[in-house]
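So the structure is just underneath, and the comments pick up after that.
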Amino acid sequence: MSIDHPKVADQPSLVAEMREIIEETRKTIEASQGILDRCTAHVAEAHSAEARAAEGTSGDPFRQLADAASETVSLLEGIADGLIVAYEYAKLDNDPPTLALIERAMLHVGRRLAQAVGPKQAGLARH
């Protein structure tokens, strides 16, 4: 291939484009890592708050279990609300793969919520 060949002439621009893509990817990874670090910090903070609250209860294991179940239910309700909003946005965007993903997530959260709450608290009649 001669130096005047179009493929050779395109190489510097291709390399520059690849460098731009690599830099954008690096920035995305750094931003994602920052988000992950903040989420991890919130989870760790919540766990330490739960531990302090558990110490504050008079050692009653049933009370601790009830408190943990209540926090689990409120967390799951928050996740469910977020998934509903995400589902509505995906429906507006007419994005079938995202809709399918959110539907699966909603099923999993619903099952966990049903296990945590139970049928009596959910207002379901059992025979």
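Grab the beta carbon distance between GLU103 and SER13, set R0 = 41 Å, and tell me the FRET efficiency rounded to 0.05. In this case the efficiency is close to 0.40.
Counting Lys and Arg as +1 and Asp and Glu as -1 over every other residue whose Cβ lies under 15 Å from the Cβ of GLY118, the net charge comes to +3. Here the 3J(HN,Hα) profile of the stretch 75-88, calculated from phi with Karplus coefficients 6.51, -1.76 and 1.60 at θ = phi - 60°, is 5, 5, 5, x, 5, 4, 4, x, 5, 5, 4, 4, 4, 4 Hz, Gly and Pro shown as x. Each peptide among 87-99, 23-35 gets the average number of other Cβ atoms lying within 10 Å of its residues, and from highest to lowest they stand as 87-99, 23-35.
Coordinate-derived values only; no laboratory data. This one's a predicted model, so the numbers in the text were calculated from it and none came from an experiment. Cβ: placed from backbone, ideal geometry, glycine included. Neighbour counts: every protein chain shown.
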